[in-house]
Amino acid sequence: MPIPAEARFWISRAYGLWRRGLASLRNRGLAASWQRLKLQFRRGRVTAPALYSPGAMPFAPFTMPTTETPRASIVIPVHGAFAHTLACLRAIAAYPPEAGIEVIVVDDASPDDSRARLLQVEGIRLHARDSNGGFIAACNEGAALARGEYLVFLNNDTVPQPGWLDALLCTFDALADAGLVGAKLVYPDGRLQEAGGVVFVDGSGWNYGRHEDPADCRFNYLRDADYLSGAAIAIPRRLFQRLGGFDARYAPAYYEDTDLAFAVRAAGLRVLYQPQAVVMHDEGTTAGTDPNSGAKSAQLRNQQVFADKWRDALATQLPPHTIPTPALLHRRQPQILIIDALTPQPDRDSGSLRLVNLMRMLIVDGAHVVFLPANRTADGHYTQALQQLGVECWHAPHAARIPAWLREHGARFDTALVCRHYVAREFLPLLRRHAPQARILFDTIDLHYLRERRAAELSGDAVATRAALRTRELELELIAAADTTLVVSSVERDLLREDAPGADVRILSNLHQVAGHGPAWAQRSDLLFVGGFRHPPNVDAVLWFVREVFPLIRAKQPGIHFHCIGGDVPVEISALGSLAGVEIHGHVPELQPWLDRCRVSVAPLRYGAGVKGKINQAMAHGLPVVATSPAVEGMHLRDGIDVLVADAAEDFAQAVLRLDGDAVLWEQVATHALENVATHFSLDAARQTVRELFLQPVKPR
């Protein structure tokens, strides 16, 4: 009787943890293995921070931040309700943005003493209207007075949270086609008010996420929205002027923000919801919430005005009363599921950098990417960085356990990429059951059985040899079961032609952005190694280099230093820091200064598999490399032209000294290395392969 897919998942997970645990104990010892086990079962979560509020207090004059050359002009229309206006202004003053601002308050003939009190707030530009014209008239007049590059429209019944404005503006910096960017709106009690809006075919709207948990995965990634509430939006000032401002046919208010979003999109630009910009909004302070009375009664009339104006654009919207889901929001895009053991950390390992750059490429080509870590754990700023790319990231507690999550979401995906054999073994049966329509890609990262076999050969360990054979069986089973298998080099592809002759195997190598030439030879000194120490070949490489090679280099160049950078430093590596000239830095948050200051990068790996990101990364930044033959395998590198290659300790030391001491050779190798990365390992070099693998229609099986 066949084992159900869900049961196979849990059995495979238990077996995989047992095997990897034994291998880790053998290779890393008890202490390091315990740390890895805690990482595997760590349950992180993203929680909404406590909302800031300046609190109720008697009015006293204060000063707002301002500049004569603002980057952003914040326009706040006011009609009474001074207590709300005061809280809004005090919030901006308490946590001023990094960007230079001016605050333009448009008093729309307030019935209370707002105008008199606002005159006592230093730093604002107060524009007083003689008669009440409504939201649209007040905003348009305020915008006409603005001097900033960007207009930011902010309701007076909001309390913007720290960092809100810089998050809005950073969206324009990151995306050249951003036209309108809106904030995440939350109620004073912490519930979500809106994560961008959905417009239906009849012109009616839906506040996406209303009354839900603002920390939910569905509401925390950058994405296109049908419209954005005018309570907190940013737009380039010149674009707002070109579009004619808020359309006066909706006066006094309602639907002007929805209309603006459709106009921005018609101009070829994007309307984007930015979850990092959080604004507390006391909805309905001025106009109320009843659409049948007061100023809000204009909402029903303006819906028809809007529907008539944008009839053609509305034709492809969802039917009324549809409950929006992520699958429906992204229905016009190819939807790609990516699964890896953990959330990628691109500043720590090359596999993570490759995966993040792959996501970037897919997004640029119009796909929607969903990322699910096998441990269902949010990983702080690494998760947030993916969300800011537009990746829909799922994690506990909002992601159900894996079988249930795939039951709910599997039908939406066109392609699923699963990384690493021990992850794919768990997920592949579930994907076949719950996402039968999807093309399944197995990403080996590197062929684990090849790396394990080489390590066993180097150590002469019979137990490790048997483990490598078992890994080979597992990987070959998955290669046979997947639609396509990805490897990073022609060496691995050629090996699989022998070991898995019927499999569809494609090369998708490391992906790097070519940074170009850095500082010149004369401005640099010292040696650099980069590599995380959860990877056993890196531990072996550094131990060999410091013990066998570096003393030979120091004998000729006593002042030279070896800088070792990489996280998860084991005791035996840390101990090397006591040796003269050896500096063990551990993980550094920013690698660029080291790529710019060091003269030679070393890759002294004695075994391994795949393509070495440490070599690609150095070369992509114009830093020449000395490496071993195993380190340069499958990388299209020419000894003496793109890189210097040496295997014996004496030869490796001589190659380092040669490159360190010859400015002409150094410049030649740096130039050729940049050309190599651009030709073989850049995003442009891989673009066509990525499109073929992920974006071509799936052929029926």
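Laboratory data are not the source of any read-out in this text; all were calculated from the coordinates shown. Every value quoted in this text rests on a predicted model; they were computed, and no experiment measured them. Cβ atoms come from the backbone with ideal geometry, glycine included; neighbour counts cover every protein chain shown.
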Computed FRET efficiency, Cβ-Cβ of residue 52 and residue 213, R0 25 Å: what is it to the nearest 0.05?
0.85
Gyration tensor verdict on segment 145-248 (Cα atoms; rounded if a/c is under 1.5, prolate if a/b is larger than b/c, oblate otherwise)
prolate
Computed over segment 329-507, the relative contact order (Cα-Cα under 8 Å, seq sep at least six) in percent reads 18 percent
Global form of segment 521-681, assessed from the alpha-carbon gyration tensor, a/c cut-off 1.5
rounded
The chain: antiparallel bridges as % of DSSP beta bridges, rounded to 5, reads 20 percent
Near-label residues of segment 219-233 by backbone N, under 16 Å of a point 7 Å along Cα→Cβ of residue 322
224-227
What spacing in nm lies between the two simple spin-label points modelled at residue 555 and residue 242, each 7 Å away from Cα in the Cβ direction?
6.8 nm
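How would 381, 330 line up from fewest to most surrounding beta-carbon atoms within 10 angstrom? Numbers along the way, then the final one.
Details: 381 10, 330 18.
Least to most surrounded, the residues fall as 381, 330.
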Given the chain, longest segment not containing exposed loop GluC sites (Glu not before Pro) (DSSP; at most 10 other Cβ within 10 Å):
69-589
Could you estimate the translational diffusion coefficient of the chain from the Stokes-Einstein equation, with Rh from the Kirkwood formula over C-alpha pairs, at 25 °C and 0.890 mPa s, in whole µm²/s?
87 µm²/s
What is the Cα convex hull volume of segment 72-324 when expressed per residue in Å³?
120 Å³
15 Å reach of a label modelled at residue 130, 7 Å along Cα-to-Cβ, counting backbone N of segment 250-266
none
With equal scatterers on the alpha carbons only and no solvent term, can you work out the Debye log10 of I(q)/I(0) for segment 329-507 at 0.13 1/Å?
-0.68
Estimated inter-spin distance, residue 588 and residue 462, nm [label 7 Å along Cα→Cβ]:
4.6 nm
Compute the relative contact order of segment 521-681 as a whole-number percentage, counting only Cα pairs closer than 8 Å that sit 6 or more residues apart in sequence.
24 percent
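Compute the FRET efficiency between residue 679 and residue 68 as 1/(1 + (r/R0)^6), taking r as their Cβ-Cβ distance and R0 = 41 Å, and round to the nearest 0.05. Intermediate values should be presented prior to the final figure.
Values: r = 49 Å, r/R0 = 1.20.
Taking R0 as 41 Å, the efficiency between residue 679 and residue 68 is 0.25.
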How long is the gain from residue 641 to residue 498 if the chain were fully straight, where each residue apart is worth 0.36 nm and the alpha carbon distance is subtracted?
48.3 nm
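Calculate how many DSSP beta bridges within segment 72-324 are antiparallel, expressed in % of all such bridges and rounded to the nearest 5.
Taking every DSSP beta bridge with both residues in segment 72-324, the antiparallel ones total about 40 percent.
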Please give the FRET efficiency for residue 112 paired with residue 695, using the beta carbon to beta carbon distance and R0 = 60 Å, rounded to the nearest 0.05.
0.55
Spin-label point model (7 Å from Cα, Cβ direction): what's the residue 267 to residue 381 distance in nm?
3.4 nm
Report the extension gain between residue 83 and residue 176 in nm, rounded to one decimal, defined as 0.36 nm multiplied by the number of residues separating them, less their alpha carbon distance.
29.7 nm
For the chain, what does the relative contact order come out to in percent, with C-alpha contacts under 8 Å and a separation of six or more?
10 percent
